[in-house]
Structures are given as C-alpha cells and as structure tokens.
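Comments concern the structure below.
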Amino acid sequence: MGVIRVTRVLIVGGGGREHALAWACAQDHGVDIVCAPGNGGTASIAKNVRVEVTDAAAVAALAVEEHADLVVVGPDAAAAAGVADACLRRGIAVFGPTAAAARIESSKSFAKRLMDEAGIPTARWTSGGAEDRGRLRAFIAKLGGACVIKADGLALGKGVVVCDTASDAERALAACLDEGRFGDAGMTVVVEERLAGPEVSVFGLCDGTRLRMLHTARD
Ligand SMILES: Nc1ncnc2c1ncn2[C@@H]1O[C@H](COP(=O)(O)OP(=O)(O)O)[C@@H](O)[C@H]1O
Ligand SMILES: [Mg+2]
C-alpha cells in the first residue's frame, strides 16, 4: 500500500475517544478535521456534522461530500455496521475494521471460537440461547458458580456480569434470555470460566498483511 497524503480527516463517533482522536489528528499541521457527530469537545478543534454513525451509506456519502481522504471509525457499532466497507467502496482510505473483521468485537462467541481455532489461550467457555438453558446451567455448575455471563453482541459495555455463585449467574442469564435486557445482543450468551489476576489490553494494527504492535494498556 502506498503512502497517502492526508489533508482532511473524517472521524466517526461522538465520545471521549473521538475527541482524543481528533486532538491527535489536529497535532498535524495542515490537517482539517470533521467529526460526525462529534461533541462539545471536538467542536473547538473540528467541524461537527450530524450523522447516524451506524448508517454506513450516510457516513460514506458524508466522507465524499466533505472531501475526506481518511476516515477514522471510532464506535464498535459503526464498525459492525460496515462503515469502513462503505467508505472503502467509495475509494476512501479507512482506519478501522471492516464489518467482517469487527465481528471479533460484535460477537463474543465468534471471538471465542476464533481463539480456539487459532490456538489462542482463553478462559473455558460455552455459549447458547434460551433453548440451551440446561447445558448453560450444567457448565455453570461445573465451574462452581464462579463464572462470567456475557451478552454475545454489542451492549454499550454493559453486557458482562462477573458472578460469584450459581444464583448470581442464574439472575444474569435471566436478564439476557428472559427479560431481554440487551435486546437481540443478549439472546445468545457466552458463559466463561472466571479468571483472577491483572487484566492487560494488547493493541495491534493490521492492514491484512502487516502487523504493528502498539503499547499495552489497562482499563
Ligand atoms: N473470564 C473473566 N474472568 C474475570 N473477569 C472477567 C472475565 N471476562 C471479563 N471479565 C471482566 O469483565 C470486563 C468486561 O468483559 P469483556 O469481555 O472485556 O467485555 P466488553 O469489553 O465487551 O464489555 C473485563 O474488563 C473484566 O474486568
Ligand atoms: Mg473488554
């Protein structure tokens, strides 16, 4: 892939992360920034434009209209909705995963299966829906109740319950499977063995061929 000269960046999203991204891009002289939708913080360093971030076609159309030569996709929901795919189809460079790659984020059971297939160590797990209740319960019992119940899909960072006992786990299962607390995202759950110890996030960038590791971080 050749080097592109970036003069106008469209940052998709409207949270603190996107403000940080806009701030970082603004450190480069001669780069104009558009945020969609952005927020009060980005307003002082970028042009804010209203858009539904999960409307991939609308975001791509905006990128064309704004003459963006790079689109940076912030929210996982935008990545899962195929914003990168839509922009790439219109010939615009994108920093962010295609919908297919974003499945690692948007389906925890997909991510777990992928880790198993690739031989990546991961907590023991199973997944299922309402019809698999018996099997999910048996797995929770096998773990002695110390488990983590996760809505399979995107749940605004709220879809994970760390449980001490089987009755905690039962309540978390009910919230997903009976009460629909996370809508479709919780109709399938992942039940995981509960791990103990420090958690570290490891970041890598990949363009499909090359991999570059970044720093590690803790939440
Ligand atoms: N297997 C586990 N054992 C113990 N704690 C866990 C486990 N899985 C997740 N957690 C805790 O729950 C948090 C959120 O879980 P995670 O799978 O990262 O979901 P997401 O980031 O999509 O909300 C983690 O940061 C961690 O603190
Ligand atoms: Mg996480």
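The values are calculated or read from the model by the stated rules, or taken from the named source; none is laboratory data. Quick caveat: nothing in here was measured; it's all calculated off a predicted structure. Cβ: placed from backbone, ideal geometry, glycine included. Neighbour counts: every protein chain shown. Ligands, DNA and RNA are excluded from the accessible area calculation, which covers all protein heavy atoms including side chains. Shrake-Rupley method; radii C 1.70, N 1.55, O 1.52, S 1.80 Å.
Numbers at a glance
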| quantity | calculated |
| --- | --- |
| Residue under evaluation residue 29, criteria (1) assigned to a helix (DSSP H, G or I); (2) more than 21 Å from the chain's Cα centre (by Cα), criterion not met | (1) |
| Helices (runs of 4 or more DSSP H) contained in segment 104-219 and holding at least 3 residues at pLDDT 95 or above, within 16 Å of the chain's Cα centre (by Cα) and surrounded by 15 or more Cβ atoms within 10 Å (Cβ to Cβ) | 108-118 |
| Test: residue in segment 94-101 that is in contact (Cβ under 8 Å) with a residue 24 or more places away in the chain and open to solvent by 60 Å² or more (accessible area, probe 1.4 Å) | yes |
| Subset of segment 1-28 [over 24 Å from residue 156 (Cα atoms) and open to solvent by less than 60 Å² (accessible area, probe 1.4 Å)] | 6, 7, 8, 9, 24, 25, 26 |
| Checking residue 71 against (1) among the aliphatic types (A, V, I, L, M); (2) part of a helix (DSSP H, G or I); (3) farther than 20 Å from residue 195 by Cα, the condition it does not meet | (2) |
| Counted residues, segment 116-154 - those being out of contact with any helix residue (DSSP H, G or I) (no Cβ under 7 Å at 6 or more places or on another chain) and within 14 Å of ligand 2 (Cβ to nearest atom) | 2 |
| Unique residue being touching a Ser or Thr at 6+ places or on another chain (Cβ under 6 Å) and within 13 Å of ligand 1 (Cβ to nearest atom) when the list is 191, 162, 148 | 191 |
